[in-house]
1. Which far-off residues, 5 or more places away or on another chain, put their amide H under 5 Å from the one on ASP108, with H placed in the peptide plane?
2. Ordered by residue, what ³J(HN,Hα) values in Hz, to whole numbers, does segment 57-67 give under the Karplus form 6.51 cos²θ - 1.76 cosθ + 1.60, where θ = phi - 60° and Gly and Pro are x?
3. Counting each pair of different Cα atoms once, what's the Kirkwood radius of segment 6-102 in Å, rounded to one decimal?
4. So if R0 is 30 Å, what FRET efficiency would LYS137 and ALA36 give, r being the distance between their Cβ atoms, rounded to the nearest 0.05?
5. Just want the answer: with Cβ charges of +1 for Lys and Arg and -1 for Asp and Glu, which residue in ALA86, ALA119, GLN74 is farthest toward the dipole's positive end in segment 64-124?
6. Computed over the Cα atoms of segment 43-100, what is the ratio Rg over Rh, Rh following Kirkwood?
7. What is the packing order of peptides 18-26, 91-99, taking the mean over residues of other C-beta atoms within 10 Å and listing the highest first?
8. Using every pair of alpha-carbon atoms in segment 65-135, split the distances into 5 Å bins beginning at 0 and state the percent of pairs per bin, rounded to integers.
Amino acid sequence: MAFSSNSASGAPMADINVTPLVDVMLVLLIIFMVTAPILSYPIDIDLPQRVLNPPPETKVPPEPIRLRIDQAGQVFWNDSPVPMSALRNMMDAEVQRDPTNQPTLEIDTNDDAYYGVLAKVLATARNAQMQKIGFVKKQ
């Protein structure tokens, strides 16, 4: 009797009966405990295996290529100005030197340079099959 009064004043009882609430919560807890293992998914992990033979010695990476684009759109290959038409041949020569151990192309652009020049340089590098391309940001 939620509204029965224990006092002589006749005021209704303000306490809530929590027994049904606890029963519902316990049932929900049991349901979640039973369904939780079903929701777990196995994760395949490919761990490295122990090797008795040491790996072959790695090649020393070649010196990176510093490619700079200034505000006027001029391209500099290791601080030497290069026309855009000769850039593809230079990149092809670097890739053909050792295709498995390519140098890193480090691109540094001026903040005011046109994006179109950078897009052409990136397209040329992709067409020359250059695999290691990085961007340099000077602080």
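1. LEU67, ARG68, ILE69, VAL136
2. For segment 57-67, the Karplus curve yields 5, 7, 6, 6, x, x, 4, x, 9, 9, 10 Hz.
3. 22.8
4. On the way: r = 46 Å, r/R0 = 1.54.
The computed FRET efficiency comes out at 0.05.
5. ALA86
6. Numbers: Rg = 19.4 Å, Rh = 15.3 Å.
That ratio equals 1.27.
7. Numbers: 18-26: 9.7, 91-99: 13.9.
Averaged packing, sorted descending, gives the order 91-99, 18-26.
8. 3, 18, 31, 28, 13, 5, 2
Readers should treat all values here as calculations from the given coordinates under stated rules, not as data from a laboratory. None of the values given here were measured: they were computed from a predicted structure. When we count neighbours, we look across all protein chains shown, and the Cβ atoms used for this are built from the backbone with ideal geometry, even at glycine.
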